[in-house]
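See structure below.
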Amino acid sequence: DAAARPQLAENLRRAAELVAVPEETILEIYRALRPGRADRQSLYALADDLETRYGAKRCAALVREAAT
């Protein structure tokens, strides 16, 4: 933020949230976000899991955005 690079700052915040998320879960989300791999309901379920289980609110919001 101090360097006037808000997108980079937000990316780093999301990355920090993923530290607590197991690698297999991250890979599952990555695969689901590829075109045609998951339906909207599945993506919302993954986002809910990110938020409730790991407290990754920013990452969950990004997955929900992708679902729409």
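The values are calculated or read from the model by the stated rules, or taken from the named source; none is laboratory data. Not measured: the values here are computed from a predicted model. Neighbour counts run over all protein chains shown; Cβ positions are idealised from the backbone, glycine included. Accessible surface is based on the protein model in full, side chains and every heavy atom, while ligands, DNA and RNA are left aside. Shrake-Rupley method; radii C 1.70, N 1.55, O 1.52, S 1.80 Å.
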Fill in the blank from the handout: Result of the Cβ filter at 8 Å on the stretch 1-16, keeping first residues that are open to solvent by less than 60 Å² (accessible area, probe 1.4 Å) and partners that are in a helix (DSSP H, G or I), at least 6 apart or interchain, is Glu10/Arg58; Arg14/Arg58; Arg14/Cys59; Arg14/Leu62
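Here's a check for you: in the stretch 27-42, which residue that is buried (at least 16 other Cβ atoms within 10 Å of the Cβ) and more than 10 Å from the chain's Cα centre (by Cα) is farthest from Arg14 (Cα to Cα)? Write out each step before concluding.
The first filter runs over the stretch 27-42 and keeps only residues buried (at least 16 other Cβ atoms within 10 Å of the Cβ), leaving 29, 32, 38.
This time we only want the ones that are more than 10 Å from the chain's Cα centre (by Cα), so: 32, 38.
Values: Ala32: 18, Ala38: 22 Å.
Ranking the candidates gives Ala38 first.
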Practice task
Report, by residue number, each residue of the stretch 6-45 that is farther than 14 Å from Ala56 by Cα, of a type in the set (Lys, Arg) and in a helix (DSSP H, G or I).
Solution key: Arg31, Arg40
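Please go through the stretch 47-57 and give me each residue that is part of a helix (DSSP H, G or I) and farther than 17 Å from Leu27 by Cα, ordered by number.
At the first step, the residues of the stretch 47-57 found to be part of a helix (DSSP H, G or I) are 47-54, 57.
Passing the criteria: Thr52, Lys57.
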Practice task
Starting from the stretch 36-52, take each residue that is over 19 Å from Pro22 (Cβ atoms) and list its partners that are among the basic types (Lys, Arg), counting only C-beta distances under 7 angstrom and pairs at least six apart or across chains.
Solution key: Arg37/Arg31; Tyr44/Arg64
